[in-house]
Amino acid sequence: MTLGTLPAQITDYVNRADPYPLYAELRRTPVRREDDGTYLVSTYYEVRSLANDPRLSNDTSHRSPGYARTGQPNEETGLPPSFIFTDPPLHDRLRDTINRPFGPPHSPRFLDDLRGDLAKVVTELLDAFEGKDEVDIVEDFSYPLPVTAICKVLGVPREDEPRFHGWADALASSLDPQAGEDGLEKAQRARQELGSYLTDLIETKRRHPGPGMLSALAPEMAPADLEATAVLLLVAGHETTVNAITNTTLTLLRHPDVLARFQREPALAVPLIEEVLRYEPPVQFVPWTTALADIDVADTTIPEGSPVWLMLAAANRDPKRFPDPDRFDPDRKDNEHLGFYTGIHYCFGAPLARMELHVAVPELFRRVTFSRLLEDPPPYRANAVLRGPRHLPVAIEGLTT
């Protein structure tokens with residue numbers, strides 16, 4: 001992949017703050033073949049169609065020889081791939097099993113029972129703003145909340161939560177096509193350390209069940225499958241929600257008219273958050289799918305075995321699907337965005353992420369009087385797939401109770 005190619009430009013950090021002009025260029029050719037044989041699909045209807053096509057696989061072992069197995073765990077960790085990197089029927093069996101303690105119909109109150117705990121964490125985090133005139137929204141708010149949430153979901157002891165921050169960062173980096181050998185080695189170490197931790201914890205939960213998914217699933221799943229699932233939930237349930245909360249905060253501070261209306265109309269939260277998920281999605285693209293057969297789409301044939309990147313953020317701003325797509329509009333109708341993907345791999349943690357957003361964002365803007373952004377654009381994370389600010393420093397004027 002040379003620096004002049006669009007994928008290289010998209011993954012180049014210099015374009016991290018604003019990749020959307022590159023996505024607009026991509027959409028001029030809905031299905032684009034790169035010199036290395038990778039196909040980029042960037043328009044809404046084509047992305048949606050392929051994401052729901054059983055001929056597109058999330059198991060990159062199906063790629064033709066010579067293509068990178070992006071996103072797959074390194075076999076040296078000894079763990080099987082998590083269910084996001086599998087296809088039916090294995091995917092369906094694993095996902096169905098994992099869903100039982102997570103939500104309806106088997107556990108209809110699971111998420112609602114978490115809401116009060118998360119609200120307490122939000123209150124504690126915001127109380128710590130007292131007396132400050134500057135805060136970093138990422139470090140002080142959006143980063144600690146999701147790791148607390150996912151640890152509660154799994155049943156991880158509260159005192160072990162800090163260890164999960166570093167593991168989540170390192171593992172998320174492995175999803176970036178530009179991670180490099182150093183990033184992949186760090187991710188492998190993190191996966192091994194986390195796997196060792198989870199092995200002990202799962203055995204403890206098996207002998208002494210308690211709250212959380214690990215206890216509920218320990219009798220039903222092989223330990224290695226359960227470990228792989230927990231690793232996935234840590235990355236998907238933490239990193240994406242950090243970005244979603246931070247992107248929502250940044251977008252509102254960039255649109256003071258919408259922010260003022262939101263503070264007057266709390267019910268605006270639902271469409272506003274959905275519009276942020278379209279406008280600034282936490283997952284920008286999916287680079288690990290593979291064609292299982294020749295697929296004809298948009299006057300192009302994607303050959304069997306070819307890597308396919310589904311460009312979700314580009315599709316979310318396709319003017320053929322969303323009028324005036326570069327405008328942030330919480331009143332947008334029929335906002336069927338791809339912020340949480342679609343099809344059988346639709347984000348497993350979407351209900352939890354939405355709940356965290358609806359608990360955190362209204363309370364943040366109810367209690368905190370913001371003055372201004374201290375850096376715009378802020379510094380972004382290196383990861384091009386899970387895109388979001390690494391820091392979001394803001395000046396604040398006060399805090400209400």
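The values are calculated or read from the model by the stated rules, or taken from the named source; none is laboratory data. Predicted model, so just to flag it, every value in this text is computed and none were measured. We place every Cβ from the backbone using ideal geometry, glycine too, and count neighbours over all the protein chains shown. Just so you know, the surface numbers come from the protein's heavy atoms only, side chains and all, with ligands and any DNA or RNA stripped out. Shrake-Rupley method; radii C 1.70, N 1.55, O 1.52, S 1.80 Å.
Residues of region 372-401 that are among the hydroxyl-bearing types (Ser, Thr, Tyr) and in contact (Cβ under 8 Å) with a residue 60 or more places away in the chain: Tyr380 alone.
So, in region 212-256, of the ones that are free of Cβ contacts under 8 Å to residues at least 24 places away in the same chain and not small (Gly, Ala, Ser), which residue ends up farthest from Arg100 (Cα to Cα)? Don't jump to the end; show me each part of the working.
From region 212-256, those free of Cβ contacts under 8 Å to residues at least 24 places away in the same chain are 218-219, 222, 256; that's our starting set.
Among the residues that remain, those that are also not small (Gly, Ala, Ser) are: 219, 256.
Numbers: Pro219: 13, Pro256: 42 Å.
Only one residue tops the list, namely Pro256.
Looking only at residues of region 244-275 that are among the acidic types (Asp, Glu) and over 20 Å from the mean Cα position of the chain (by Cα), we find that the one that is least open to solvent (accessible area, probe 1.4 Å) is Glu265.
Results for (1) without any contact (Cβ under 8 Å) to a residue 12 or more places away in the chain; (2) in a loop (DSSP other than H, G, I, E, B); (3) under 17 Å from Gly349 (Cβ atoms); (4) among the acidic types (Asp, Glu), shown as yes or no for each residue.
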| residue | (1), (2), (3), (4) |
| --- | --- |
| His106 | yes, yes, yes, no |
| Val122 | no, no, no, no |
| Leu126 | no, no, no, no |
| Phe129 | no, yes, no, no |
| Glu139 | no, no, no, yes |
| Cys151 | no, no, yes, no |
| His165 | no, no, no, no |
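Inspect all residues belonging to region 377-385 and state whether any of them is open to solvent by 20 Å² or more (accessible area, probe 1.4 Å), outside any loop (DSSP other than H, G, I, E, B) and aliphatic (A, V, I, L, M). Among the residues of region 377-385, not one is open to solvent by 20 Å² or more (accessible area, probe 1.4 Å), outside any loop (DSSP other than H, G, I, E, B) and aliphatic (A, V, I, L, M), which makes the answer no. Answer yes or no: is there a residue in region 289-297 that is surrounded by 15 or more Cβ atoms within 10 Å (Cβ to Cβ), under 21 Å from the mean Cα position of the chain (by Cα) and either among the polar types (S, T, N, Q) or modelled with pLDDT of 95 or more (or both). Scanning region 289-297 turns up at least one residue that is surrounded by 15 or more Cβ atoms within 10 Å (Cβ to Cβ), under 21 Å from the mean Cα position of the chain (by Cα) and either among the polar types (S, T, N, Q) or modelled with pLDDT of 95 or more (or both). Right, Asp87: assigned to a loop (DSSP other than H, G, I, E, B) and modelled with pLDDT of 90 or more or not? Answer is yes for this residue.
Among what's in region 111-120 and is out of contact with any Ser or Thr (no Cβ under 9 Å at 6 or more places or on another chain) and either assigned to a loop (DSSP other than H, G, I, E, B) or in contact (Cβ under 8 Å) with a residue 12 or more places away in the chain (or both), pick the residue that is least open to solvent (accessible area, probe 1.4 Å). So the residue we want is Leu114.
If the condition is being open to solvent by 10 Å² or more (accessible area, probe 1.4 Å) and either hydroxyl-bearing (Ser, Thr, Tyr) or in contact with a strand residue (DSSP E or B) (Cβ under 9 Å, 6 or more places away or on another chain) (or both), then region 298-319 contributes Ala298, Asp299, Thr300, Thr301, Pro303, Glu304, Trp309.
Please indicate, with yes or no, whether at least one residue in region 342-362 is in a loop (DSSP other than H, G, I, E, B), of a type outside the set (Phe, Trp, Tyr) and over 18 Å from Ala244 (Cα atoms). Explain how you work it out, then say what you get.
In the first step, residues of region 342-362 are kept if they are in a loop (DSSP other than H, G, I, E, B); the result is 342, 346-349.
Subsequent filtering for residues that are of a type outside the set (Phe, Trp, Tyr) retains 342, 347, 349.
Narrowing the set further to residues that are over 18 Å from Ala244 (Cα atoms) leaves none.
No; the residues of region 342-362 include none that is in a loop (DSSP other than H, G, I, E, B), of a type outside the set (Phe, Trp, Tyr) and over 18 Å from Ala244 (Cα atoms).
I need the full set of residues from region 18-71 which are of a type in the set (D, E, K, R) and either surrounded by fewer than 15 Cβ atoms within 10 Å (Cβ to Cβ) or part of a helix (DSSP H, G or I) (or both), in order please. Result: Asp18, Glu25, Arg27, Arg28, Asp35, Asp36, Glu46, Arg48, Arg55.
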